[in-house]
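Reviewing the structure listed below.
Please treat every number below as a calculation from the coordinates, not as lab data. Only a predicted model underlies this, so the values are computations on that prediction, with no experimental measurement involved. Counting neighbours? That spans all protein chains shown, and the Cβs are built from the backbone with ideal geometry, glycine included.
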Amino acid sequence: MTDLENDVEVPRFFLCPISLEIMKDPVTLSTGITYDRDSIEKWLFSQKNDVCPVTKQVVVDIELTPNHTLRRLIQSWCTINASSGIERFPTPRLPISRTEIVKLLKDSKSPQLQMKSLKRLKTIVMENEKNRRLMESVSAADYLASILTTGAGEVSGVDGCVSTEADEALRILYHLKLSPTGLKSLFGKTENFVVTLTRVMQRAASFESRAYAVMLLKSMFEVAEPIQVTSLNTQFFTELVHILVDQISQKATKATLKLLISVCPWGRNRIKAAEAGVVPVLIDTLLDTTEKRLTEMIMIVLDQLCQSAEGRADLLKHGGGLPVVSKKIFRVSSIASERAVRILYSVAMFSGNARVLEEMVQLGVVGKLFLVLQVDCGSKMKEKAKEILKMHSRVWKKSSCIPNDLISAYPS
């Protein structure tokens, strides 16, 4: 409000209850209270509130109804008081409505109108959080998942590729940023939707579509039920390996690692991941990266996979496996260090044959474990290191590769 406006008495019902300023675009919430559009949209969507600021009632219906009568009254009042420096607010552009979105979704099922409708829906979903919430409330995910499933099916596209329409539907579905409830519902769409997204990773012509597929899967499995996590097929893990090998983008790589972290606590998934070749790819990536968060995530996945015989075998088979894991102790972060010691514990406990134990000595792994006992680090990490050293102390104490001062310092 300007200094000139301070000399004019503004009717109280012209003021937004949130900003306490004259409403430029008054809209009425489902609770019956009118607010300025910018203020209530920021309250509901940017600040993630779900109650009416005045009544404190939960807002179930998020559609905002323009209060045309009040807007005209405000505009007339501004015109009458123009001589006092009051500027008339222009008529606001009408926002997207629920009715328009529903029509576009129905048109998207028509072959003649599908691509045009999808492009318009993509524009709408990219505009703001309010549009995304509105689209989710009218079950947009159902329509998009159906288009994606059809376009990524066994007989879709050219030479088994994902159709252009399916690519567009995937982009919209990802950018919807569905709520946890919406993400959970995707598991039951039309068929096993995880299979659909696995096909997209396998067949999509563009790296971008494959990235969207893995990032959407990552979000889905963050809210998945155990039954949904334990029913994954081997092809799912094979495609994740391809995403990592192709190095599509840093974002796609991290999404893939987060996805593996979500699904690999289950034993059968560890075996399938190992069989798909995840371990050697992770080791190669670990050898090439110095990025902290990426390293931490790789170490977490390796720790999970090394809890299976298949995962440990692949780690030991790779020439850089043990050396790079040992090297990450005290080099990256406390998280990476702790996971490295856990990996070495799994190897020593379950795969510690004579050859492996000798290799751990020759590569300096045992020396690194002695170092863990001597520095200030987490108690769990120190305890694991002690257990490893006690496990095979008779073998390692005979080695000439371990300095006597370390042996004497070791609490037997």
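Structure notes:
- Three-way shape label, segment 134-253, alpha-carbon gyration tensor, a/c 1.5: rounded
- For residue 67, the residues whose modelled amide H falls within less than 5 Å of its own, excluding neighbours fewer than 5 places apart on the same chain, are 27, 28.
- In degrees, nearest ten, helix 207-221 long axis to first principal axis of the chain (Cα): 90
- For the chain, the relative contact order comes to 7 percent (Cα pairs under 8 Å, sequence separation of at least 6).
- With a Förster radius of 51 Å applied to the C-beta separation of residue 91 and residue 293, the computed FRET efficiency comes to 0.60.
- Gaussian network model of the chain, springs between alpha carbon atoms under 10 Å - residue of 22, 283, 335 with greatest fluctuation: 22
- Sites residue 383 and residue 225 - FRET efficiency at Förster radius 30 Å, r taken between beta-carbons, to 0.05: 0.35
- Cα-based shape type of segment 169-215, given that a ≥ b ≥ c are square roots of the gyration tensor eigenvalues and the cut on a/c is 1.5: oblate
- Our helix-only sum for the chain, with -39,500 (n - 2.57) per DSSP H run of n ≥ 4 divided by its residues, gives a mean residue ellipticity at 222 nm of -18000 deg cm²/dmol.
- Gaussian network model of the chain, Cα within-10 Å springs - most flexible of 125, 372, 51: 51
- Structure remark: mean-square fluctuation, Gaussian network model of the chain, C-alpha springs under 10 Å; the largest value among 107, 50, 167 belongs to 50.
- Calculated P(r) tail over 15 Å for segment 5-84, as whole % of Cα pairs: 55
- Here, the chain has an Rg and a Dmax of 29.5, 99 Å when only alpha carbons are counted.
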